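The values are calculated or read from the model by the stated rules, or taken from the named source; none is laboratory data. As the structure is a prediction and not an experimental result, all values here were calculated from the model. Virtual Cβ from ideal backbone geometry, glycine too; neighbours counted across all protein chains shown. Heads up: the accessible areas ignore ligands, DNA and RNA and are worked out on the full protein's heavy atoms, side chains in. Shrake-Rupley method; radii C 1.70, N 1.55, O 1.52, S 1.80 Å.
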Amino acid sequence: MDYPNKINSKLPNVGTTIFTVMSKLAADHNAINLSQGFPDFDCDPTLIDLVGKHMNEGKNQYAPMAGLMGLRECIAQKTKDLYSAGYDPETEITITAGATQALYTAIAAIIKEGDEVIVFDPAYDSYQPAIEVHGGKTVHVKLEYPAYSINWENVKNAVTGKTKMIIINTPHNPTGAIMSVDDMNKLETLTRGTDIVIVSDEVYEHIIFDGKQHQSVARFPRLVERSFIISSFGKTFHATGWKMGYCVAPQNLMTEFRKVHQFLVFCVNAPLQYALADFLKNKDHYLELGNFYQKKRDLFIECIKGSNFEYQPSAGTYFQLLHYTKISNEKDTDFAVRLIKEFGVASIPVSVFYNTKEDNKVVRFCFAKKEETIEKAAAIIRKI
């Protein structure tokens, strides 16, 4: 078909996400899908009942633009309890249509034409398009393989007079690495005396293992004053399809965030907000999450013992990286496709998260699955 208007794409290099591609391949070949990060079990039936209760009570119209006050108050209390950080629910907390919307909104609120944003590769794939669509430039700093640690000297060298934002992600998707107190202190030192804004993607904040502590930027007052913190109810409560998240930030940043938010989505699902406000009153619903997923991580690792894959246990998230250099020399993108077509198990090739497509022969598996799913997939992995 001929079109009368030629579109000069603002994102000419963006195609279909790897998550959609691999999930479709998994469905087409009836493979066990450990690629896209979603549970194959349902959320707590109590939460489902609460949603139904509030729907039946007629709470089905627009929520306030910034979110239900009761839910924002719960988030403020949760953040204070966990990280000793005080946020005003009236002016410093906004409920969003998932974490991805919150990330996009924070970037849109700050980044202008020519601004530079530092991201750490391998980086979650929504960061760069949101930067570029607003005229910004993404500056990539590689995490140091194989520990996926931050070389702060490299970060310092990447900062210029045009650096407006640094995006961090801990626990880190896709690698499962976590940032330390030392990392946060170095970030604070690096940004001191600058106008650099931090976007801290903390959607896996409650999924951290082996007795380690999540180092939210909310623990560090000098970072709090320059940071958007993004979190996710979908990840925390096994309901990714609800697309519910939130952002906390000091008032001056949140004012700009809400200017974009109100015209991007205006507000988000009302009955779900009422239900989440009720559900958050029981702290065990999120405080026990690390133990819940550590059992699944440990089961996955135990079940693949004796395989030809190599690994370091994930420190957080619900992803485990596996190195396949003892199995094949092929590109990780080709290897991941072959795992689906020949063996019936789906993963994500990690090279797609690098700007340079760096291939360290690593694939990512999601263990947010039922025990039987994990055991079935692991039995396949042991044979590869």
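I need the full set of residues from region 193-223 which are open to solvent by less than 30 Å² (accessible area, probe 1.4 Å) and of a type in the set (Val, Ile, Thr), in order please. Of everything in region 193-223, those that are open to solvent by less than 30 Å² (accessible area, probe 1.4 Å) and of a type in the set (Val, Ile, Thr) turn out to be ILE196, VAL197, ILE198, VAL199, VAL203, ILE207, ILE208, VAL217. Would it be correct to say that PHE228 is touching a residue at least 24 places away in the same chain (Cβ under 8 Å), in contact with a Leu (Cβ under 8 Å, 6 or more places away or on another chain) and within 15 Å of ILE207 (Cα to Cα)? Taking the combined requirement at face value, the residue does not satisfy it.
Looking across region 55-67 at every residue that is of a type outside the set (A, V, I, L, M) and in a loop (DSSP other than H, G, I, E, B), the one that is most open to solvent (accessible area, probe 1.4 Å) is identified as TYR62. As a summary of the residue check, GLY306 satisfies the conditions (1) touching a residue at least 40 places away in the same chain (Cβ under 8 Å); (2) open to solvent by less than 60 Å² (accessible area, probe 1.4 Å); (3) at positive phi except for the one numbered (2). Residues in region 329-355 that are of a type outside the set (Ser, Thr, Tyr), open to solvent by less than 50 Å² (accessible area, probe 1.4 Å) and assigned to a helix (DSSP H, G or I): ASP332, PHE335, ALA336, VAL337, LEU339, ILE340, VAL350, VAL352, PHE353. Consider region 52-79 and keep the residues that are out of contact with any Phe, Trp or Tyr (no Cβ under 8 Å at 6 or more places or on another chain) and aliphatic (A, V, I, L, M). The one that is nearest to VAL350 (Cα to Cα) is ALA66. Among the residues of region 9-38, those identified as out of contact with any Pro (no Cβ under 8 Å at 6 or more places or on another chain), loosely packed, with under 14 Cβ neighbours inside 10 Å and not charged (D, E, K, R) are SER9, PRO12, ASN13, GLY15, THR16, THR20, ALA27, ASN30. Does ASP125 count as surrounded by fewer than 22 Cβ atoms within 10 Å (Cβ to Cβ), among the acidic types (Asp, Glu) and within 17 Å of ILE18 (Cβ to Cβ)? Considered against the rule, which asks whether it is surrounded by fewer than 22 Cβ atoms within 10 Å (Cβ to Cβ), among the acidic types (Asp, Glu) and within 17 Å of ILE18 (Cβ to Cβ), ASP125 comes out as yes.
Matching residues to (1) under 18 Å from VAL248 (Cα atoms); (2) out of contact with any Gly (no Cβ under 7 Å at 6 or more places or on another chain); (3) among the aromatic types (Phe, Trp, Tyr):
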{"position": "ASN169", "(1), (2), (3)": "yes, yes, no"}
{"position": "GLU202", "(1), (2), (3)": "yes, yes, no"}
{"position": "GLU205", "(1), (2), (3)": "yes, yes, no"}
{"position": "LYS212", "(1), (2), (3)": "no, yes, no"}
{"position": "GLU225", "(1), (2), (3)": "yes, yes, no"}
{"position": "GLY234", "(1), (2), (3)": "yes, no, no"}
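Condition check: among the basic types (Lys, Arg), surrounded by 14 or more Cβ atoms within 10 Å (Cβ to Cβ) and farther than 30 Å from VAL363 by Cα. Does LYS78 satisfy that? The answer is yes for LYS78.
Answer with yes or no whether GLY161 is under 27 Å from ASP42 (Cα atoms) and small (Gly, Ala, Ser). It is false that GLY161 is under 27 Å from ASP42 (Cα atoms) and small (Gly, Ala, Ser).
Confirm whether GLU375 is within 23 Å of LEU143 (Cα to Cα), charged (D, E, K, R), over 22 Å from the mean Cα position of the chain (by Cα) and open to solvent by 10 Å² or more (accessible area, probe 1.4 Å).
Numbers: within 23 Å of LEU143 (Cα to Cα): no; charged (D, E, K, R): yes; over 22 Å from the mean Cα position of the chain (by Cα): yes; open to solvent by 10 Å² or more (accessible area, probe 1.4 Å): yes.
Criteria not met by GLU375.
Per this entry, LEU280 is counted among residues that are hydrophobic (A, V, I, L, M, F, W, C), open to solvent by 10 Å² or more (accessible area, probe 1.4 Å), at pLDDT 95 or above and on the phi < 0 side of the Ramachandran plot.
Between THR16, THR91, THR100, the distinction of being in a loop (DSSP other than H, G, I, E, B) and either within 19 Å of the chain's Cα centre (by Cα) or charged (D, E, K, R) (or both) belongs to THR16 only. Within the set of pairs 6+ apart or on separate chains, which have a first residue in region 79-102 that is under 15 Å from ALA63 (Cα atoms), a second that is small (Gly, Ala, Ser) and open to solvent by 50 Å² or more (accessible area, probe 1.4 Å), and C-beta atoms under 8 Å apart? Hits for this filter: zero, empty list. When GLY52, GLY70 are checked against the criterion of being surrounded by fewer than 20 Cβ atoms within 10 Å (Cβ to Cβ) and either touching an Asp or Glu at 6+ places or on another chain (Cβ under 9 Å) or part of a loop (DSSP other than H, G, I, E, B) (or both), GLY70 stands alone in meeting it. Would you tally the residues in region 157-172 being open to solvent by 10 Å² or more (accessible area, probe 1.4 Å) and either within 20 Å of the chain's Cα centre (by Cα) or within 24 Å of GLY316 (Cβ to Cβ) (or both)? Of the residues in that region, 2 qualify.
Residues in region 134-149 that are open to solvent by 30 Å² or more (accessible area, probe 1.4 Å) and not acidic (Asp, Glu): HIS134, LYS137, HIS140, LYS142, TYR145, PRO146, ALA147, SER149.
Could you list all residues from region 240-292 that are among the basic types (Lys, Arg) and in contact with a strand residue (DSSP E or B) (Cβ under 9 Å, 6 or more places away or on another chain)? Reasoning before the result, please.
Step one: of region 240-292, the residues among the basic types (Lys, Arg) are 243, 258-259, 281, 283.
LYS243, ARG258 - these are the residues of region 240-292 that are among the basic types (Lys, Arg) and in contact with a strand residue (DSSP E or B) (Cβ under 9 Å, 6 or more places away or on another chain).
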